[in-house]
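**Student:** Input: one structure, supplied below.
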Amino acid sequence: MFRTAVLKIILLAGVIVAADQIYRFTLYPKDLYAESTLYTYVQEGQHEADVLYFAESSNGTFSETDSLKNPISDFTSWHYPSLTFKAIEHGAYHAGIFKTLVRTIEEGSRVKVLVITMNLRSFGADWINSDLETHLQKTTVLYQPGLPILNRLLLSLNVFDRTPNAERRERVIHHWKTDTLRFPYPFPYATLDDWNIAMSLEGPAKGWDKAKTELSCHFIKNYAFQIDTLTNPRIKDFDEIAEMAKEKNIKIIFNLLAENVQDADLLVGKDLVFIMRQNRDLLVNYYAAKGIKVVDNLDAISSEYFLDKTWPSEHYSQPGRQAIAKNVAQALQEYFPGKYRDAW
Amino acid sequence: MLFNSLHFIFFLPIVIGLYYALPYRFRWLLIFVASCYFYMAFVPAYILILFAIILIDYIAGLTIERLTGWLRKFYLVFSIVANVSILAFFKYFNFFNDNLAEVFHFFGGNYQPSALQVLLPIGLSFHTFQSMSYTIEVYRGRQKAERHLGYFANYVLFFPQMVAGPIERYERLGEQLKQDHDPAYENFARGFKLILFGLFVKMAIADNLAPVVNQVYENPAQYSSLSILVGMMFFSFQIYADFYGYSTIAVGSAALMGINIMDNFKTPYLSKSIGEFWQRWHISLSTWFRDYLYIPLGGNKVGVPRWCFNILLVFLISGLWHGASWTFVIWGALHGLVYLVERFVTYIFKWKHKKGFSVLNTLFILKNFLIVTFIWVFFRAESFEKAELMFKSLFANISVTNTIQVPYTLAGLLGVFILSDLVLYNKRIDTWTAQFGFPFRWAVYAVLIFFVMAMGGVQNYPFIYFQF
């Protein structure tokens, strides 16, 4: 019986390998396009483009009143007419997903530089434990290392991070209530939660309407955290991206997006701005020490060029996108000497 | 724990390995621990409810056997009332409360029901019925009371069939659980074939049909009549594939331990009448109702009016067993009514269905499938109003051009599934493949493996019958 079983197991393994080959040439491309669209863009882009621009919705969101509705990646490419840029863009994506895509870039590909969007809010507990994360993790399953047909089975069996939304929410609240805020000066609130509660009372006391108070609280919930390079999962994601780029001999730029610092100051005050800039300084210096350029756009754009007025976001009108694009383009000069052109 | 999960893929071989590695005297403990672990993967605390059911019926069984006279009946009634009460509390409390409020409002009263925020313990309907069958059989003198609490617990808890059946009788399952099974190649082969086929049916068929069905049922008014009809028919196949797939995996998992549990389905959509349908669909439930409700009510050994009443009552309760909603009651009632109409028609015209393939039989099969499909609408729709909207849209949307998109791969898979039913008719995949040589058998396995691995639904849907 044992010998028969072993032979049958070997035969089974052979069937699976054969099935994998059939799957690769039949259904796999369609499945990839349906479930992991950005992976297909990376596979195309790595052979066609000199620069891959990884981003979330900050890249392509525009205002209907913009005369030019092009994304940031397009505006950046206008400064390098001799180069090909390709945007790898999807709403809510972050470094944790970008790294899985960067992993699939082959050594010896045409890509010379990766521009990876660095969204300050993505370092916060709210984004790290977002309800969207389950769907995002699902998009990465099909192109994990290993036999495609095994990955397809794992997709059917829901083998990815499917933490229930209620548990994600609990984690967010736990961080808000326990992560201590440290200031170099006396600050009345020990945690984000304390600060948020105080703001929710302060707003009405100042005569603010409900919308304005809520917006202030949103700013606190999205920015009132301090990045710890040892424990923050996004730092780990960016570190892995940097490492992989180095192994593949590809240059890398982290594009720290602009935040609405003016509104943060107006609504919450200098303490929140302090934390935002403290996080910015940490990121710039941390990666500079690793030889990686962080394009600092944090204060680059004034409030009027932010599209969303009820929620802190990184959606910009045309001047905002062009300003960021110019900063990125200037940073790219180091890797493409002599190719930079003024675009507008 | 779901059968179609990585967790189960690791769990099962470990349990099977330990089952044969352990000395016989410890196997009952392994099954007990494994079954508890399996169940607690859902909501751990609810294992206590199963423990309560087990204790009640274990003690009731011993007591019924020991006592004489009216006390025997007392303990039987106690067991039944306890089981039904537990089921009623978790499953029907809110339904009862809401309807009581409606009655009060109808008469001008004011009753504000407070809803019970409890989850229905998974598989509770199955456990209570399975456990009740034991005490009833002990009372009838057809089953000796089990003295070993562990063996009895395993009968209720046995993980392959604990959450969605088949509902087994103690004389079949309980006795097998006590036997010493040696590892046998035939059992492993049979088990893996059944599990593979069950996964194909659940993952490649049911889970791929679900999104299309959901699309139609969510907003039927926007789809063409043909799309709605397709959506209805797809649900017929979805619920069949879902439950049949689960049951097949359950049978296969038990087979790996040398334990035979009953088949719950015998190609039900090839039935020529509702009566035949219920001999082929969820067989363990229909036989339970036959043996413990229909026959005790008098069965067909009573006058015609009382017989009609018995039939309708059994179908109504069967509907209610499936869910605490009037749509399920309507679903059951419609099956009962159609059954009665068919019986009267065949009686009046002295009609007897002939066996074998014929054009007439094919028409009967299609007729029955359509009837069952239309009745399923009440099962699937979340409310009577939504069921009504489905039928209204079916007849009114003839000129609507918006159609659902059915991927060609899904159409192909469904074709394979229907073909498998036609080919397997009254057989199982393991017995059917056994008649062929090695190359053909392995070609079938290879195709099934491909379907499971490469074409499973990407949205993992829970087994439909888990909600019952």
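**Student:** Return the pair list, or none, for Cβ contacts closer than 6 Å from residues in region A:259-270 that are modelled with pLDDT of 95 or more to residues that are of a type in the set (Asp, Glu), at least 6 apart or on different chains.
**Tutor:** Partner pairs satisfying both residue conditions: A:Val261/A:Asp299.
**Student:** Next up: Restricting to region A:283-319, count the residues that are open to solvent by 50 Å² or more (accessible area, probe 1.4 Å) and part of a helix (DSSP H, G or I).
**Tutor:** Final tally of qualifying residues: 6.
**Student:** Now for a different question. Being more than 23 Å from A:Glu247 (Cα to Cα), open to solvent by less than 10 Å² (accessible area, probe 1.4 Å), in contact with a helix residue (DSSP H, G or I) (Cβ under 9 Å, 6 or more places away or on another chain) and part of a helix (DSSP H, G or I): is that true of A:Phe98 here?
**Tutor:** No, not satisfied.
**Student:** Further question: How many of the residues in region A:123-141 are among the hydrophobic types (A, V, I, L, M, F, W, C), under 30 Å from A:Ile22 (Cβ atoms) and surrounded by fewer than 20 Cβ atoms within 10 Å (Cβ to Cβ)?
**Tutor:** 1
**Student:** Follow-up. In the set B:Val372, B:Val406, B:Val416, which member is assigned to a loop (DSSP other than H, G, I, E, B), away from chain A (no Cβ under 14 Å) and modelled with pLDDT of 90 or more?
**Tutor:** Answer to the check: B:Val406.
**Student:** Follow-up question, since we're still on this one. Can you report the number of residues in region A:203-242 which are assigned to a loop (DSSP other than H, G, I, E, B) and among the aromatic types (Phe, Trp, Tyr)?
**Tutor:** 2
**Student:** Are there any pairs with C-beta distances below 7 angstrom linking a residue in region B:219-243 that is free of Cβ contacts under 8 Å to residues at least 12 places away in the same chain and under 15 Å from B:Phe369 (Cα atoms) to a residue that is of a type in the set (Gly, Ala, Ser) and open to solvent by 10 Å² or more (accessible area, probe 1.4 Å), with the two at least 6 apart or on different chains, and if so which?
**Tutor:** none
**Student:** Another question, then. With the condition kept exactly as written, say whether any residue in region B:125-133 is part of a loop (DSSP other than H, G, I, E, B) and open to solvent by less than 40 Å² (accessible area, probe 1.4 Å).
**Tutor:** Within region B:125-133 (the criterion being part of a loop (DSSP other than H, G, I, E, B) and open to solvent by less than 40 Å² (accessible area, probe 1.4 Å)), the answer is no, since none of the residues qualifies.
**Student:** Any residue in region A:15-29 that is touching a residue at least 12 places away in the same chain (Cβ under 8 Å) and more than 7 Å from chain B (Cβ to nearest Cβ) sitting within a Cβ distance under 6 Å of a residue that is in a helix (DSSP H, G or I) and crowded, with 18+ Cβ neighbours inside 10 Å? List the pairs, counting only those 6 or more apart or interchain.
**Tutor:** Pairs that qualify, where the first residue is touching a residue at least 12 places away in the same chain (Cβ under 8 Å) and more than 7 Å from chain B (Cβ to nearest Cβ) and the partner is in a helix (DSSP H, G or I) and crowded, with 18+ Cβ neighbours inside 10 Å, are A:Asp20/A:Ile149; A:Arg24/A:Pro148; A:Tyr28/A:Pro148.
**Student:** Any idea which residue in region B:419-458 is nearest to the other protein chains (Cβ to nearest Cβ), counting only those that are within 22 Å of the chain's Cα centre (by Cα), under 30 Å from A:Asn151 (Cβ atoms) and assigned to a loop (DSSP other than H, G, I, E, B)?
**Tutor:** B:Gly456
Yes/no matrix, rows are residues, columns are (1) over 22 Å from the mean Cα position of the chain (by Cα); (2) at pLDDT 95 or above:
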{"residue": "A:Asp131", "(1), (2)": "no, no"}
{"residue": "A:Thr134", "(1), (2)": "no, no"}
{"residue": "A:Arg152", "(1), (2)": "yes, yes"}
{"residue": "A:Asn165", "(1), (2)": "no, no"}
{"residue": "A:Arg169", "(1), (2)": "no, yes"}
{"residue": "A:Lys177", "(1), (2)": "yes, yes"}
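**Student:** When residues of region B:3-19 are filtered for being over 25 Å from the mean Cα position of the chain (by Cα) and more than 13 Å from chain A (Cβ to nearest Cβ), how many remain?
**Tutor:** Within region B:3-19, residues that are over 25 Å from the mean Cα position of the chain (by Cα) and more than 13 Å from chain A (Cβ to nearest Cβ) number 3.
**Student:** Quick one: which residue in A:Ile275, A:Ile227 is under 30 Å from A:Thr178 (Cα atoms), open to solvent by less than 10 Å² (accessible area, probe 1.4 Å), of a type in the set (A, V, I, L, M, F, W, C) and in contact with a helix residue (DSSP H, G or I) (Cβ under 7 Å, 6 or more places away or on another chain)?
**Tutor:** Unique residue meeting the criteria: A:Ile275.
**Student:** Can you find a residue that is acidic (Asp, Glu) and crowded, with 17+ Cβ neighbours inside 10 Å anywhere in region A:106-114?
**Tutor:** No, the conditions are met nowhere in region A:106-114.
Here's the yes/no breakdown for (1) buried (at least 24 other Cβ atoms within 10 Å of the Cβ); (2) touching a residue at least 12 places away in the same chain (Cβ under 8 Å); (3) assigned to a helix (DSSP H, G or I):
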site	(1), (2), (3)
B:Ile167	yes, yes, no
B:Pro183	no, yes, no
B:Glu186	no, no, yes
B:Leu199	yes, yes, yes
B:Met203	yes, yes, yes
B:Asn208	yes, yes, yes
B:Val212	no, yes, yes
B:Tyr217	no, yes, yes
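**Student:** To continue, here is another question. Among the helices (runs of 4 or more DSSP H) confined wholly to region A:1-56, which include 2 or more residues that are surrounded by fewer than 19 Cβ atoms within 10 Å (Cβ to Cβ) and under 23 Å from the mean Cα position of the chain (by Cα)?
**Tutor:** A:28-35, A:37-48
**Student:** May I pose another question? Going by what's in this entry, would B:Val43 be described as within 14 Å of chain A (Cβ to nearest Cβ) and among the aliphatic types (A, V, I, L, M)?
**Tutor:** Criteria met by B:Val43.
**Student:** A further question on this structure: Just checking, does region B:240-256 include any residue being farther than 26 Å from B:Val15 by Cα and either open to solvent by less than 10 Å² (accessible area, probe 1.4 Å) or within 14 Å of chain A (Cβ to nearest Cβ) (or both)?
**Tutor:** yes
**Student:** Does region B:146-163 include one or more residues that are open to solvent by less than 10 Å² (accessible area, probe 1.4 Å), within 14 Å of chain A (Cβ to nearest Cβ) and in contact (Cβ under 8 Å) with a residue 40 or more places away in the chain?
**Tutor:** no
**Student:** Then there is this: So for region B:97-116 (the condition being open to solvent by 40 Å² or more (accessible area, probe 1.4 Å) and among the hydroxyl-bearing types (Ser, Thr, Tyr)), does at least one residue qualify?
**Tutor:** Yes, the conditions are met somewhere in region B:97-116.
**Student:** Let me ask you something else. Filter region A:179-209 for residues that are of a type in the set (Phe, Trp, Tyr) and open to solvent by 50 Å² or more (accessible area, probe 1.4 Å) and give the result.
**Tutor:** A:Tyr185, A:Tyr189
**Student:** While we're looking at this one, here's another question. Does B:Ile317 satisfy being open to solvent by 30 Å² or more (accessible area, probe 1.4 Å) and under 17 Å from the mean Cα position of the chain (by Cα)?
**Tutor:** For B:Ile317, the condition - open to solvent by 30 Å² or more (accessible area, probe 1.4 Å) and under 17 Å from the mean Cα position of the chain (by Cα) - is met.
**Student:** Pull out all pairs, ordered by first then second residue, where Cβ-Cβ is under 7 Å, the residues are six or more apart or on different chains, the first lies in region A:134-161 and is within 9 Å of chain B (Cβ to nearest Cβ) and more than 13 Å from B:Gly456 (Cα to Cα), and the second is part of a helix (DSSP H, G or I) and aromatic (Phe, Trp, Tyr).
**Tutor:** A:Pro148/A:Tyr23; A:Pro148/A:Tyr28
**Student:** Out of (1) within 14 Å of chain A (Cβ to nearest Cβ); (2) open to solvent by 10 Å² or more (accessible area, probe 1.4 Å); (3) within 20 Å of the chain's Cα centre (by Cα); (4) farther than 27 Å from B:Ala443 by Cα, the odd one out for B:Ser273 is which?
**Tutor:** Checking B:Ser273 against (1) within 14 Å of chain A (Cβ to nearest Cβ); (2) open to solvent by 10 Å² or more (accessible area, probe 1.4 Å); (3) within 20 Å of the chain's Cα centre (by Cα); (4) farther than 27 Å from B:Ala443 by Cα, the one that fails is (1).
**Student:** Can you tell me how many residues within region B:164-187 are away from chain A (no Cβ under 14 Å) and within 25 Å of the chain's Cα centre (by Cα)?
**Tutor:** Residues in region B:164-187 being away from chain A (no Cβ under 14 Å) and within 25 Å of the chain's Cα centre (by Cα): 14 in total.
The values are calculated or read from the model by the stated rules, or taken from the named source; none is laboratory data. Quick caveat: nothing in here was measured; it's all calculated off a predicted structure. Quick reminder, even Gly has a Cβ in these numbers, built from the backbone with ideal geometry, and neighbours come from all protein chains shown. The area values use the complete protein model at the heavy-atom level, side chains included, leaving out ligands, DNA and RNA. Shrake-Rupley method; radii C 1.70, N 1.55, O 1.52, S 1.80 Å.
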